[in-house]
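Worksheet: the structure to be examined is printed underneath.
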Amino acid sequence: MTQSAANDRVGEIEQAIVKSRRYQTVAPATVRRLARAALVAARGDVPDAVKRTKRGLHEIYGAFLPPKPPNYSALLKQIDSAVDAGDDEAVQEALRRAMSVHLSTRERLPHLAEFYREVFRDLPEPNTVRDLACGLNPLAAPWMGLPERAVYVASDIDARLIGFVGSVLTRLGVDHRVGVADILEDRVDEPTDVTLLLKTLPCLETQRRGSGWEAIDLVNSPIIVVTFPTRSLGQRSKGMFQNYSQGFESQARERSYGFRQLEIGNELVYVIQK
């Protein structure tokens, strides 16, 4: 197959994904990368490659969200009402309700206060926090104890989700910059005081072996918070704690990175000091 023919077929796959309600707001760069790999695996068969691309998107994105796109407008109205009422408890409850639609943040909800208390313990107050592949984690900003001057920089591959995140941070009065970005395609070396990579490395490694540590090495922050799930989406452990901890700590020591290990809920946490 010529390069021109391959590009045409990748374009056909992209168009099929754009027509999918579930994946139509995913970053084009992400869809294109998965489509190219799927086309090779499918030996040029476009319908098969479309199925493979959707399967890949499910693994790194769709599996964490409900079958239908979340009703972000309704969730935002609930947060607006709580903020307008000046009721901090109601605001936190509305934020928890919103975070529960994304599996990654839902799993963290029972331990939210403890998680951020322990993560930021003994760290200097950050002026900037970057949240890569953020999901709905930025909605936890009120639990982070950040100084008022702090700027929250968040990115994700889902335009619909990141638009919602930006709207919520505006309502909460959190200074922020948000945008659609793919860690494997876009620059991650903007200087920030702290970078969050929460349950992100396994998804990166699924797409390209070694890309998780490539991202950590490129991140331009003295402090990087990396976490791993210790149970699968089906709540099975599968030896995940041991596998992730051994592999991670070996790589960190090779690079002479300092780190502090925590286990909070079903999450293995490393606070890295470069």
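The values are calculated or read from the model by the stated rules, or taken from the named source; none is laboratory data. As the structure is a prediction and not an experimental result, all values here were calculated from the model. Cβ sites come from the backbone with ideal geometry, for glycine too, and all protein chains shown count toward neighbours. Protein only, heavy atoms only, side chains kept; ligands, DNA and RNA dropped before computing areas. Shrake-Rupley method; radii C 1.70, N 1.55, O 1.52, S 1.80 Å.
With respect to the conditions (1) open to solvent by less than 50 Å² (accessible area, probe 1.4 Å); (2) within 15 Å of I157 (Cα to Cα); (3) part of a helix (DSSP H, G or I), R32 lacks only one, and its number is (1). Taken over region 210-243, the criterion of being out of contact with any helix residue (DSSP H, G or I) (no Cβ under 8 Å at 6 or more places or on another chain), at pLDDT below 90 and not polar (S, T, N, Q) is satisfied by G234, R236, K238, G239, M240, F241. Against the list (1) under 14 Å from the mean Cα position of the chain (by Cα); (2) under 12 Å from V129 (Cβ atoms); (3) open to solvent by 30 Å² or more (accessible area, probe 1.4 Å); (4) not hydroxyl-bearing (S, T, Y), the condition L196 fails is (3). Pairs are defined by a Cβ separation below 7 Å, a sequence spacing of at least 6 or placement on different chains, a first member in region 61-90 that is under 21 Å from K199 (Cα atoms), and a second member that is part of a helix (DSSP H, G or I) and of a type outside the set (K, R); the pairs so defined are F64/L103; F64/S104. With respect to the conditions (1) farther than 19 Å from A16 by Cα; (2) buried (at least 19 other Cβ atoms within 10 Å of the Cβ); (3) not basic (K, R), L109 falls short on a single one, namely (2). When you look at A82, is it part of a helix (DSSP H, G or I) and farther than 18 Å from F228 by Cα, yes or no? The answer is yes for A82. Looking at region 52-69, can you tell me whether even one residue there is among the small types (G, A, S), more than 30 Å from R108 (Cβ to Cβ) and part of a helix (DSSP H, G or I)? No. Residues satisfying the criterion are absent from region 114-128 (criterion: of a type in the set (A, V, I, L, M), surrounded by 19 or more Cβ atoms within 10 Å (Cβ to Cβ) and in contact with a Cys (Cβ under 6 Å, 6 or more places away or on another chain)).
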